[in-house]
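**Student:** Have a look at the structure that comes next, please.
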Amino acid sequence: MIHLDTSFLIRILDPDAPETRLLETMDPDEDIVVSALAWAEFQCGPIKPAEQEMATRIVDSYRDFTIEHAGVAARLFNESGRRRGSLPDCVIAAVAIHDGAHLATANLTDFRRFETAGLRLIGDLGSDVGPGWGYVGSRPPPEVQDSGAGWYTGGQGADRYREGSPASGGSPASSRTGPPGMREASLAGLSAPEFHRKYWDAVLDKLNRIGGPVSGNSARAPFARRTPAKDNWMSFPIGRGGFYLYATTHRTAGRVSASLYMSTHRAPAFDRLMRDREAIESAMGSAMFWDDRKPSEREIGVRLEKVVLNDPNDWARQHEWLVRKLNLLDRVFRPRIKRLP
């Protein structure tokens, strides 16, 4: 579920706005919701009848302001400095928090102060980073929080969920490939966002070349090629709101992962899927990690260990594995997800 705030509603009336392009990348099965207050602010405009009709076609449902929301809004107001004129933002944020939804906004600066209270944001990051399907200020999937120091620093101990580890009989394409110094020079001077965009750009190309169910293109018309993420993870729709496929790199651990992620309101599905664990892992061809450590969010996936993220000579192996596993996850989980209540 994604809530739109007033600023986002206004911006998507412009076909060239980054918010419009961001909306096109969102999962078409996500519920697009607007709170009563945001809708009232939007209609204060001034807006033309055609613009209101356009917004109405985009929004799936509207959320009334309840006494439960009022309590959350008051807490946000009091804990964020009791700023004059900020109560409407507190109300919009409170409704999204109460629903366990993400809030799409063109006004990230004002809403970021509510992140510590659990608000998860979607928004454009600026002219140097194109919008894409990725959450700003939201909780990344488990183990995504990389350190900012350097690239690959070595792998971890073996475990049975890993591919490419000594326990699984795999071996990485290591620094033996290519002339000495080539790997470092090829990525010299790249910031972390630039590195990630370069990495995901190649993954998106490979997804489109393979032509499987997981695409490197937008899920919404005009189905343009997606913008590679600046973060060390990218998400892909899997046909139902609240469920996503994640591809993730872990620099310090020296691994990549492909997983099914369930957001807050979909967490109960984890137990239902767990009942079919043996069949799921058989279809995937390997043991999987089943992460239920978070209070409400869940993740199921596989890992490729002993990767060298700062070695482009190792990228072909990593990308081939990611593309293969993402498409396999889609085939294994999509029909099961559709059958869930």
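Each reported figure results from applying straightforward, stated rules to the coordinates on display, with no laboratory input. Computed from a predicted structure; not experimentally measured. Every residue, glycine as well, gets a Cβ built from its backbone with ideal geometry; the counts of neighbours run over all protein chains shown.
**Student:** How large is the charge dipole for the stretch 2-122, taken about the Cα centre, if only the Cβ atoms of Lys, Arg (+1) and Asp, Glu (-1) carry charge, to the nearest 20 debye?
**Tutor:** Once rounded to the nearest 20, the dipole reads 640 debye.
**Student:** Further, regarding this structure: Quick check: Cα centre of the stretch 1-61 to Cα centre of the stretch 245-263, how many Å?
**Tutor:** Centre-to-centre (Cα) distance: 31 Å.
**Student:** Another question, then. So if R0 is 25 Å, what FRET efficiency would Thr116 and Leu190 give, r being the distance between their Cβ atoms, rounded to the nearest 0.05?
**Tutor:** After rounding, the FRET efficiency stands at 0.20.
**Student:** Taking a threshold of 27 Å on the Cα-Cα distance, which of the pairs Lys198/Lys306; Lys306/Lys338; Lys48/Lys230; Lys206/Lys294; Lys48/Lys338; Lys230/Lys294 fall above it?
**Tutor:** Long pairs (Cα-Cα over 27 Å): Lys306/Lys338; Lys48/Lys230; Lys206/Lys294; Lys48/Lys338.
**Student:** While we're here: Would you work out the charge dipole size for the stretch 256-296 about its Cα centre, treating the Cβ of every Lys and Arg as +1 and the Cβ of every Asp and Glu as -1, and quote it to the nearest 20 debye?
**Tutor:** Charge dipole, the stretch 256-296, about its Cα centre: 160 debye, nearest 20.
**Student:** Would you mind ranking His265, His319 so that the residue whose beta carbon has the fewest other beta carbons within 10 Å leads the list? Working shown, then result.
**Tutor:** Values: His265 15, His319 20.
Ascending number of Cβ neighbours within 10 Å: His265, His319.
**Student:** Can you pull the one-decimal nm distance between simple spin-label points at Glu79 and Leu340, each 7 Å off the Cα toward Cβ?
**Tutor:** 2.7
**Student:** Residue by residue, what Karplus-based ³J(HN,Hα) values in Hz, rounded to whole numbers, does the stretch 279-291 have, using 6.51, -1.76 and 1.60 with θ = phi - 60° and x for Gly and Pro?
**Tutor:** 5, 5, 5, 5, 5, 6, x, 6, 5, 10, 8, 10, 9
**Student:** I've got another one for you. Hey, what's the per residue convex hull volume over the C-alpha atoms of the stretch 23-127, in cubic angstrom?
**Tutor:** Here the figure is 126 Å³ per residue.
**Student:** Just to be sure I understand the model, the point goes 7 Å from the Cα along the line to the Cβ. What's the resulting Cys44 to Asp271 distance in nm?
**Tutor:** 4.4
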